[in-house]
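Enquirer: The structure's right below; bear with me while I get my questions together.
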Amino acid sequence: METNLDLQFVTSAASYDQCLNHEEREIAFVGASNAGKSSAINALSNNKKLAKVSKTPGKTKLFNFFKCKQGYIVDFPGYGFSKVSKVQKKEWSREIPKYFQYRDNLIGVLIFTDIRHPMKESDLEMVSMLVDLKLPFIVVLTKSDKVSESEKKDAEESNKKIFSDVMSLSIKDQESITDLRKEISVLLSN
């Protein structure tokens, strides 16, 4: 198994119309601001500086395209949009659904949610939209190193009762990073 996905940043887009045109498969990384999407990209690539991370929620403000051998990972702006203008929030509320409705090569979505506060209302709204559009998704419970092993198992089990695909991730745990790499490789290769 490869030690990373060999991700490379390609481009960013502020709106759907500016998104990279290509024929390869892609996976969207979505989640609330500060759910750990960008940290996951850095862990998957073994490069702590590939995607910008911050303790301040809402650092990702664009669709960011990362290329790997099998296709693309697209890091979405965090929903919740904690410290952005009303104009920016309104724009994202239009642009993000467009992406899911019209992107033909989008083959799956990873929903990143903090294991300590999983599946907030904004996550459930995202799930509802994905179900309506018949897009497959995996719930990724992030920051699993911040809870005990029994709390982690409880969170996984309770989420698996509702969602078919659930996994935990800690950027401090190489095994969970490897598991996520495998999931991504399988999705992009099928």
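Enquirer: Any of LYS67/LYS182; LYS37/LYS143; LYS98/LYS160; LYS67/LYS172 with alpha carbons more than 19 Å apart? Name them for me.
Expert: LYS98/LYS160; LYS67/LYS172
Enquirer: Next question, about the same structure. Which trypsin sites (Lys or Arg not before Pro) from region 107-176 combine a DSSP loop assignment with at most 12 other Cβ atoms within 10 Å?
Expert: When the trypsin sites (Lys or Arg not before Pro) of region 107-176 are filtered for loop state and at most 12 Cβ neighbours within 10 Å, LYS134, LYS161, LYS172 remain.
Enquirer: Here are several values of percent of Cα pairs over 22 Å apart: [x] 42; [y] 56; [z] 67. Which one was derived from the coordinates shown?
Expert: [x]
Enquirer: Return the Cα extents of region 146-190 along principal axes one, two and three, sorted largest first, each rounded to a whole Å.
Expert: 33, 27, 10
Enquirer: Same structure again: Using unit Cβ charges (K, R positive; D, E negative) and no other charged atoms, how large, in debye to the nearest 20, is the dipole of the chain about its Cα centre?
Expert: 780
Enquirer: Compute the FRET efficiency between ARG94 and LEU133 as 1/(1 + (r/R0)^6), taking r as their Cβ-Cβ distance and R0 = 22 Å, and round to the nearest 0.05.
Expert: That gives a FRET efficiency of 0.90.
Enquirer: Additional query: Taking the alpha-carbon distance from LYS69 and a cut-off under 16 Å, which aspartates and glutamates remain once sequence neighbours fewer than 8 residues away in the same chain are dropped?
Expert: GLU2, ASP6, GLU23, GLU24, GLU26, GLU183
Enquirer: Continuing with this model, one more query. Taking 0.36 nm per intervening residue step and subtracting the Cα-Cα distance, what contour gain separates ARG25 from ARG103 on full extension?
Expert: Length gained, ARG25 through ARG103: 27.1 nm.
FYI, it's all coordinate maths here, none of it is from the lab. Owing to the predicted nature of the structure, the values given are computational and were not obtained by experimental measurement. Every residue, glycine among them, receives a Cβ derived from its backbone with ideal geometry; neighbour counts consider all protein chains shown.
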